[in-house]
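A.B. asks: Input: one structure, supplied below.
The values are calculated or read from the model by the stated rules, or taken from the named source; none is laboratory data. Values in this document were obtained by computation on a predicted structure and should not be read as measured data. Neighbour counts run over all protein chains shown; Cβ positions are idealised from the backbone, glycine included.
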Amino acid sequence: MKYLKKAFNVFWKDLIIELRSKEMINTMIIFSILVVLISSFAFGQMSTEALDQIAPGVLWIAFIFAGMLGIGRSFISEKDQNCLRGNMLAPVDWSAIYIGKTIGNLFFMLIMELITLIIFVVIFDFGKILTKLPKLTIILLLGTLGFVSVGTLLSAISVNTKTREMLLPVLLFPVTIPVILPVVESTSQLITQEPNILPWIRILTAYDIIFFVLSALIFNYVVEE
């Protein structure tokens, strides 16, 4: 119970801070909306068939880059105020901090994705994607969880470097290719054809389980360094 309470307290603390400042969520939402707006200027005059092909890429580019901005700030406040070491003094496994941070990042990213999806549907007149909303929701949850699981760990690694803003993307993108490819391809199938997304769901599920557990296990060593 202490372990779960510690993880929840970390999430709750981040939520309260974000509700007061709204710094991270606002940055993520504004950036993702800008990506959608710029894409609408570039691709707005394309045919419906062509738009169906590029829409999944546009949507996930907005999600991933905006999410990276938020994840990159996961440990900055603790680092700047020297609070992370204080958290480590709690008599609980340090991986509880990782889990709490991951839950928080997942929560904030899902909010950003929901708002971005609504804006995307309105701007591109892409209401047909909502007919596949249950399957799209599964893809969003699994894809975002995988991205956040790795991103939270790498954020803890990069926060101690002088070039943390540049280092995080360099570390994160190669590792999350097994997430990015399935989510884009499965989203494309939802839009362009009769979807058979089960193989992609299996890949995402396996990735999420492996990297979430692995990240939680090695978080102690990452923070110690």
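A.B. asks: So which of Phe75, Phe8 ends up being surrounded by fewer than 19 Cβ atoms within 10 Å (Cβ to Cβ), aromatic (Phe, Trp, Tyr) and at negative phi?
C.D. replies: Step by step, each of Phe75, Phe8 is checked, and only Phe8 is surrounded by fewer than 19 Cβ atoms within 10 Å (Cβ to Cβ), aromatic (Phe, Trp, Tyr) and at negative phi.
A.B. asks: Within the range 25-77, which residues are part of a helix (DSSP H, G or I), in contact (Cβ under 8 Å) with a residue 60 or more places away in the chain, within 15 Å of the chain's Cα centre (by Cα) and within 21 Å of Gly146 (Cβ to Cβ)?
C.D. replies: Ile25, Met28, Ser32, Leu59, Trp60, Phe63, Ile64, Gly67, Met68, Ile71
A.B. asks: Given the condition more than 12 Å from Phe108 (Cβ to Cβ), over 16 Å from the mean Cα position of the chain (by Cα) and not in a helix (DSSP H, G or I), answer yes or no: does some residue in the range 14-23 qualify?
C.D. replies: Checking the range 14-23: not a single residue is more than 12 Å from Phe108 (Cβ to Cβ), over 16 Å from the mean Cα position of the chain (by Cα) and not in a helix (DSSP H, G or I).
A.B. asks: Still on this structure, please answer the following. Being part of a loop (DSSP other than H, G, I, E, B) and modelled with pLDDT of 85 or more is the filter; apply it to the range 165-199 and report the residue that is nearest to Leu145 (Cα to Cα).
C.D. replies: Restricting to residues being part of a loop (DSSP other than H, G, I, E, B) and modelled with pLDDT of 85 or more, the top hit is Thr176.
A.B. asks: Find all pairs meeting these conditions: Cβ atoms under 8 angstrom apart; at least six residues apart or on different chains; first residue within the range 180-205 and in contact (Cβ under 8 Å) with a residue 40 or more places away in the chain; second residue assigned to a loop (DSSP other than H, G, I, E, B) and not hydroxyl-bearing (Ser, Thr, Tyr).
C.D. replies: Ser186/Pro195; Ser186/Ile197; Leu190/Ile197
A.B. asks: Something else about it: Let me confirm something: among Ile203, Ile177, Ile138, which residue is hydrophobic (A, V, I, L, M, F, W, C) and under 22 Å from Phe107 (Cβ atoms)?
C.D. replies: The unique qualifying residue is Ile138.
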